[in-house]
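Visitor: Structure in structure tokens, see below.
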């Protein structure tokens, strides 16, 4: 589908036309991807072919592709065409949903495979996040999370003792810790999230079936109960293309902030 000629002139009017064009291209490609026009893991046409198809400049095409990439719909490496990731499963930070609740809301069957559960002394970062005294212990778990049987995420969660003792008593194959803890009066009501990309370590590679060093999307999350008391500190690592996160901002209240990445 060709759009109006890409005749972006200097000044506000030209800028607005250019913005409208790349948004139209992005919207059209998004619809094609979500309807399966390029197939699963298919490749988009080259930039030049897309520019000719839509009657726009290559710069406009690159802007449109950048939007799709930020939405988790395509990915690319230098020297190759964009690869379709398919319909990214989107989780909104406007709602605090457990992995199990989120998966079921999309019609997926969630799974959890316990890899390890240990009680050990908390390190400095864990004491800070969970507001624990020096010498305090925590319960640390590692689980592989699946969607309809497919591995998507390694969950590493650290619980303070009062919560961890309850988790330790749960069956190893229980799907949702959050739902079980709610029955014991442990409520997960507020959370702070930090999103970045990390390299898969040996444990990630073993559980997810990916290569060591391959990029994973990491969500770090500190969750508190209605009194503001921390109940978990979690670091979840997702395979690329399995999830995307959405954030709503407004001038009145903005929940999203950007920080320079800290080192592990």
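Here, each number is a calculation from the coordinates, and none is a lab measurement. Note that the structure is a prediction, hence the values are computed from the model and not measured. Note that we place each Cβ from the backbone using ideal geometry, even for glycine, and neighbour counts take in every protein chain shown.
Visitor: Given R₀ = 30 Å, what would the calculated FRET efficiency be for residue 201 paired with residue 150, taking r from the Cβ atoms and rounding to 0.05?
Guide: Details: r = 21 Å, r/R0 = 0.69.
Once the sixth-power term is evaluated, E becomes 0.90.
Visitor: Here is a follow-up. Ranked highest first by average number of other Cβ atoms within 10 Å, how do 22-30, 45-53 line up?
Guide: Final packing ranking: 22-30, 45-53.
Visitor: Still on this model: Rg and Dmax of the stretch 90-246 over Cα atoms: what are they, in angstrom?
Guide: 15.0, 44
Visitor: Another question, if that's okay. If packing is taken as the mean number of other Cβ atoms within 10 Å per residue, what is the order of 225-234, 179-188, highest first?
Guide: Numbers: 225-234: 16.7, 179-188: 14.4.
The packing order, highest mean first, is 225-234, 179-188.
Visitor: For residue 229 and residue 137, FRET efficiency with R0 = 22 Å and r from the beta-carbon atoms, rounded to 0.05? Before the final figure, lay out the partial values.
Guide: Details: r = 17 Å, r/R0 = 0.77.
Plugging the Cβ-Cβ distance into 1/(1 + (r/R0)^6) gives 0.85.
Visitor: Please arrange 138, 198 by counting, for each residue, the other beta carbons lying within 10 Å of its beta carbon, fewest first. The partial results should precede the final answer.
Guide: On the way: 138 23, 198 15.
Fewest to most other Cβ atoms nearby, the residues stand as 198, 138.
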